Amino acid sequence: MTAAPLLRMLFAQTRCEILMRWRVPAFSLTNLVLPIVFFTFFGLPVAHIVRGDGVSIGAYLLASFGAYAVGSVMVYGFGIGVANERGMKVDRLMRASPLPPLVLMLAKVLTALVFSVVALILLISYGIVVGGIHEPPGVWAAIIVRLVVGSLPFIGLGFAIGYWSGPHAAPAVANLIYLPLSFASGLFMPLNQMPAFIQKLAPYLPSYHYAQLAWSALGAGHEALWVSLLWLAGYTAVFLALAIRSYKREERAKFA
Amino acid sequence: MAGRPPSVVELRGARKRFGALEAVKGVDLAIGAGELVALLGPNGAGKTTSISLMLGLRRPTAGEARLFGLDPSDRRARSRCGVMLQESGTTGVLTVTEVVNLFRAYYPSPLPAARAIALAGLDDKARARIGTLSGGERQRLYFALAVCGDPEALFLDEPTVGMDVEARRGVLESIRALSGAGKTIVLTTHYLEEADQLAHRVVVIDHGVVIADATPSEIKARIPSKRVNFRPETAVGASTFSGLPVQSLEITDHRVHLLSHEPETVLRGLFERGVVIRDLEVTGADLEEAFLSMTRRP
């Protein structure tokens, strides 16, 4: 055997990436606990209300904060994680090792997907147990699957931030981009309580179309599924192009 | 040369330019299986850039680099190499054993984790998180990561930097044992002493070129390793030193400064010539000035 099997590398790398994220409270608390805290403030007080069309506000807000949680795993995880590793020059040692860069990247994506699913399960369980919100299990499953599959643009955004900003700037950059994006997309509060210009802006934002995936699983979407998917595909292309550009710039500086 | 096995490492006319600075200016170097080679040179001489070229971490601006006859970034070549680099880190929240196991997964037939950790002398830190290690311990961890895959070739860039005397002795012993077991080892150092203790072959690099490639004893004979400094009781001229093994001589303000690899012979010669010596100082020569004298007097 001249090289180690790629699957074994991928498994070992993913395991360590999960441990690394889990042991950094800045990551694990921010992404697993913060969405629940937000839901407690914004969602619990109105969780019992049912809209005229039969949609439970509690379930609607769980879907919103679910979208927030997965996006946050992607944007903060990749944005701050990649920037930190660049700062510590982990990339140089990894680059000299037999681990192919693509396997490393795949391990990071798998890690983020694992954390996303865990964050969603924790949040939804909290909503069910503490908020008394009830939907058929198939609806919860659909929300989880849709939010995980649709998270691609935020992986791109995270990588773009991670390769573009330094380790000290990355947390600020990620917050400055992601928090306003979430507010302006109606994830924290209904859009009709937002200033008029935000209401006009929202339909052009990635998080707005991302949340539609979860809202429409409850029959509360504002647009057809294919429209949301098209927008998300477009944003994926844009963010991945930005990420690849920053990655190549880094590549030229460090490894050319 | 037909039928000769391919070199483990080969640089052919390799050059590397970073903007205005040419760090490596045409290096030809072939390292065969089982060799223990020290790349010796002062800081900024081009040692790290040369290793980066060998490993494919940098692409030569001109010339070629081969690793096991392959492009250095080829995974089949990388899988046969263990690497310890300067200025590379790893995340602090994993334990020593966890990260060693991770790196073992990169290689087809790795050593047991405990064996790699023992070779680096980190047994008592096996369960410690990397963030809690001292600088020297961290350096030993990188050594463990380099050897854990049981690779055929080891590339060690300044392996003992930041280690205390004991740790350093342990790692040098491990390097010797690995070499004895048939590994090809390329290491960089700016200590002549370290190169002398370890290597079968010393390649001296300065200002991006190879200025010497020989056995440690040959190199030692050419590199003035001591700086001698004294005040002669009566004025002396350069002719006083003719025939003595002096590489660099400077006489200023009634003081004599010279570099030599045999200070004892020089001093005996001076006594025999009736020179009375006051305020004698013999110190280890700075490698930088030693190389300067070598390039001045080929």
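The values are calculated or read from the model by the stated rules, or taken from the named source; none is laboratory data. Nothing here was measured: the structure is a model prediction, and the numbers come from that model. So basically every Cβ, Gly included, is an ideal-geometry build from the backbone, and we count neighbours across all protein chains shown.
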Please verify whether region A:52-74 includes one or more residues that are touching a residue at least 24 places away in the same chain (Cβ under 8 Å) and farther than 23 Å from A:Ala220 by Cβ. yes
Inside region B:233-278, can you point out the residues that are hydroxyl-bearing (Ser, Thr, Tyr), closer than 23 Å to B:Ile219 by Cβ and either touching a residue at least 24 places away in the same chain (Cβ under 8 Å) or assigned to a strand (DSSP E or B) (or both)? B:Ser248, B:Ser260
Within region A:124-155, count every residue that is more than 16 Å from A:Trp215 (Cα to Cα) and surrounded by fewer than 24 Cβ atoms within 10 Å (Cβ to Cβ). 8
Of the residues in region B:78-103 that are touching a residue at least 60 places away in the same chain (Cβ under 8 Å) and buried (at least 20 other Cβ atoms within 10 Å of the Cβ), the one that is nearest to B:Ala116 (Cα to Cα) is B:Gly82
Residue tally, condition more than 8 Å from chain A (Cβ to nearest Cβ), assigned to a loop (DSSP other than H, G, I, E, B) and over 18 Å from A:Met9 (Cα atoms), over region B:70-89: 3
Which count do you get for residues in region B:50-74 that are of a type in the set (S, T, N, Q), more than 16 Å from A:Pro98 (Cα to Cα) and crowded, with 24+ Cβ neighbours inside 10 Å? 1
Conditions (1) more than 14 Å from every other protein chain (Cβ to nearest Cβ); (2) more than 22 Å from A:Ala184 (Cα to Cα): number failed by A:Ala59: (2)
Within region A:1-33, considering residues that are at the interface with chain B (Cβ under 8 Å from one of its Cβ atoms), more than 27 Å from A:Ala67 (Cα to Cα) and not in a helix (DSSP H, G or I), the one modelled with the lowest pLDDT: A:Met1
Are there any helices (runs of 4 or more DSSP H) wholly within region A:127-220 with 1 or more residues that are without any contact (Cβ under 8 Å) to a residue 60 or more places away in the chain and over 19 Å from A:Phe115 (Cβ atoms), and if so which? A:137-149, A:170-184, A:196-201, A:206-217
All but one of (1) assigned to a loop (DSSP other than H, G, I, E, B); (2) buried (at least 21 other Cβ atoms within 10 Å of the Cβ); (3) more than 14 Å from every other protein chain (Cβ to nearest Cβ) hold for A:Phe65; which doesn't? (1)
Do any helices (runs of 4 or more DSSP H) entirely within region B:90-162 hold 2 or more residues that are over 27 Å from the mean Cα position of the chain (by Cα) and at the interface with chain A (Cβ under 10 Å from one of its Cβ atoms), and if so, which? B:96-104
Can you find even one residue in region B:1-13 that is polar (S, T, N, Q), at pLDDT below 90 and surrounded by 15 or more Cβ atoms within 10 Å (Cβ to Cβ)? yes
Name the single residue, out of those in region B:104-153 being out of contact with any helix residue (DSSP H, G or I) (no Cβ under 6 Å at 6 or more places or on another chain), crowded, with 21+ Cβ neighbours inside 10 Å and touching a residue at least 60 places away in the same chain (Cβ under 8 Å), that is nearest to B:Pro6 (Cα to Cα). B:Ala153
Residue match in region B:61-69 (condition: more than 7 Å from chain A (Cβ to nearest Cβ), free of Cβ contacts under 8 Å to residues at least 60 places away in the same chain, part of a loop (DSSP other than H, G, I, E, B) and not hydroxyl-bearing (Ser, Thr, Tyr)): no
